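One structure below.
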Amino acid sequence: MTQEDRFRAYMAAFNAHDWANLLPHYAPDVRLTIGNGTELVGRDAIVRFYSKVIAETCRTIEIKQCFVDGQMLAAELESEFLAIADAPDFAVRPMHKGDRFYINSFVIYEFEGDQYTRIRSAVFRHEYRPLGQDF
Amino acid sequence: MSDDQQGAWPPASRREVLAAAALVGAGGAAAMALPLPASASISAVAGERAWLETYLESFNRGDFPGFGAFYAPDVQFFGQAATLSGRDTVLDFYRMVRAHADETVELFSFVGAPARDRILAELRTTLVARRDWPDMPTGPMEAGDRRQSVNFVMYDIVDARFTRVRSARFSPPRSAHS
């Protein structure tokens, strides 16, 4: 399996909330910095953070492109969060049920073997799409 | 470029342009990819790390013909606060930035696509105001002030020139609340 194939499998597990297949992709001491600068250290921190996210929103991630160079993978991702409940403390901004938040981001994944050791995301574009508005 | 010339800047407003400079920032330097400078002998292969480093070195020297050669004539340049189109427009934009501040870019991480048609670079931009810059979009700067940012910049490359440059601000990590 190539690193690109592994990355696609990782994202498929992420979209499916398939923790059993997702977590082995992370090194035990993985450091993940999301777009707003929040840094999650370790698998447990990632599970805690995203358990809250998926309790409030339905998130889908699409891989626009990815490529590998040495021990790093670059990815351009498009994510959409659909609030399935009011989420006043959502990581990006407060959301009401039915609102959507779109993010286009560039992400650098550093890996050793088959595990990601550091993941850093930078937001290129984002857009808040309140319920009832067409985009 | 003089201040008077800056007033003729094509984009909607001077503020937008300055915002692009500041937000694309050093990333903008990165954002301006270098087609091989006519004045330099470049042995690096387009799309490889050494090639990008040549571009950044030219940018840091303020070698406009040098780093300008890395841009396609119709390059699309996307900053955080403005979008610029065309090599000449991008170069004018950077001349205006240089009139206000010294800008240098450091390459932290490089990820190049195997086909050498895309690069994702992590760049740190440092701006040092050469003079007071009260309308600097991210906040006023006084002469001598220093400001840094880190950006992830995606370059699309065709025929050894940047056709599209997109800069995303990377936020410094902070611990999550448990």
ask   = Filtering the stretch A:103-115 down to residues that are more than 14 Å from chain B (Cβ to nearest Cβ) and outside any loop (DSSP other than H, G, I, E, B), which residue is surrounded by the most Cβ atoms within 10 Å (Cβ to Cβ)?
value = A:Gln115
key: The one condition in (1) of a type in the set (Gly, Ala, Ser); (2) within 11 Å of chain A (Cβ to nearest Cβ); (3) more than 25 Å from A:Tyr109 (Cβ to Cβ) that B:Gly139 fails to fulfil   = (2)
query = Can you name the helices (runs of 4 or more DSSP H) wholly within the stretch A:1-81 that have at least 2 residues being farther than 21 Å from B:Leu120 by Cβ and touching a helix residue (DSSP H, G or I) at 6+ places or on another chain (Cβ under 7 Å)?
reply = A:19-22, A:43-56
message = Any residue at all in the stretch A:89-102 that's within 15 Å of A:Tyr10 (Cβ to Cβ) and either assigned to a strand (DSSP E or B) or touching a residue at least 12 places away in the same chain (Cβ under 8 Å) (or both)?
response = no
key: Leading residue by the ranking (modelled with the lowest pLDDT) among those in the stretch A:2-30 that are farther than 18 Å from A:Leu77 by Cα and within 14 Å of chain B (Cβ to nearest Cβ)   = A:Thr2
ask   = Given the residues B:Ala101, B:Ala160, which is the only one that is touching a Pro at 6+ places or on another chain (Cβ under 8 Å), surrounded by 15 or more Cβ atoms within 10 Å (Cβ to Cβ), away from chain A (no Cβ under 14 Å) and more than 29 Å from A:Leu32 (Cα to Cα)?
value = B:Ala160
remark   = When A:Arg125 is run through (1) buried (at least 18 other Cβ atoms within 10 Å of the Cβ); (2) within 10 Å of chain B (Cβ to nearest Cβ); (3) more than 20 Å from A:Leu23 (Cα to Cα), the failure sits at (1)
task = Say whether the condition of being touching a Leu at 6+ places or on another chain (Cβ under 9 Å), surrounded by fewer than 17 Cβ atoms within 10 Å (Cβ to Cβ), closer than 30 Å to B:Gly47 by Cα and within 13 Å of chain B (Cβ to nearest Cβ) is met by at least one residue in the stretch A:55-64.
result = yes
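A quick yes/no check of all residues on (1) under 30 Å from A:Arg118 (Cα atoms); (2) modelled with pLDDT of 95 or more:
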| residue | (1), (2) |
| --- | --- |
| B:Met96 | no, no |
| B:Ala101 | no, no |
| B:Ala115 | yes, yes |
| B:Ala121 | yes, yes |
| B:Pro134 | no, no |
| B:Met141 | no, no |
| B:Gln148 | yes, no |
| B:Asp156 | yes, yes |
| B:Thr163 | yes, yes |
message = Which count do you get for residues in the stretch B:116-132 that are surrounded by fewer than 22 Cβ atoms within 10 Å (Cβ to Cβ) and in contact (Cβ under 8 Å) with a residue 12 or more places away in the chain?
response = 9
message = Cβ contacts < 8 Å: first residue more than 10 Å from chain B (Cβ to nearest Cβ) and more than 14 Å from A:Ala91 (Cα to Cα), restricted to the stretch A:31-47; second residue surrounded by 18 or more Cβ atoms within 10 Å (Cβ to Cβ) and hydroxyl-bearing (Ser, Thr, Tyr), any location; separation 6+ or different chain. Result?
response = A:Arg43/A:Tyr26
key: Count of residues meeting criterion [surrounded by fewer than 18 Cβ atoms within 10 Å (Cβ to Cβ) and either under 19 Å from B:Arg49 (Cβ atoms) or touching a Pro at 6+ places or on another chain (Cβ under 7 Å) (or both)] in the stretch A:70-84   = 2
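Kindly indicate whether B:Phe108 is within 14 Å of another protein chain (Cβ to nearest Cβ) and at pLDDT 95 or above. Full working, then the answer.
Details: within 14 Å of another protein chain (Cβ to nearest Cβ): yes; at pLDDT 95 or above: yes.
Here the answer is yes, as B:Phe108 does meet what is asked.
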task = Might you check whether a residue that is closer than 27 Å to B:Asp135 by Cβ, aliphatic (A, V, I, L, M) and modelled with pLDDT under 50 occurs anywhere in the stretch B:39-57?
result = no
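The values are calculated or read from the model by the stated rules, or taken from the named source; none is laboratory data. Source: prediction; values computed, not measured. Please note: Cβ atoms are built from the backbone with ideal geometry, for glycine as well, and neighbour counts cover all protein chains shown.
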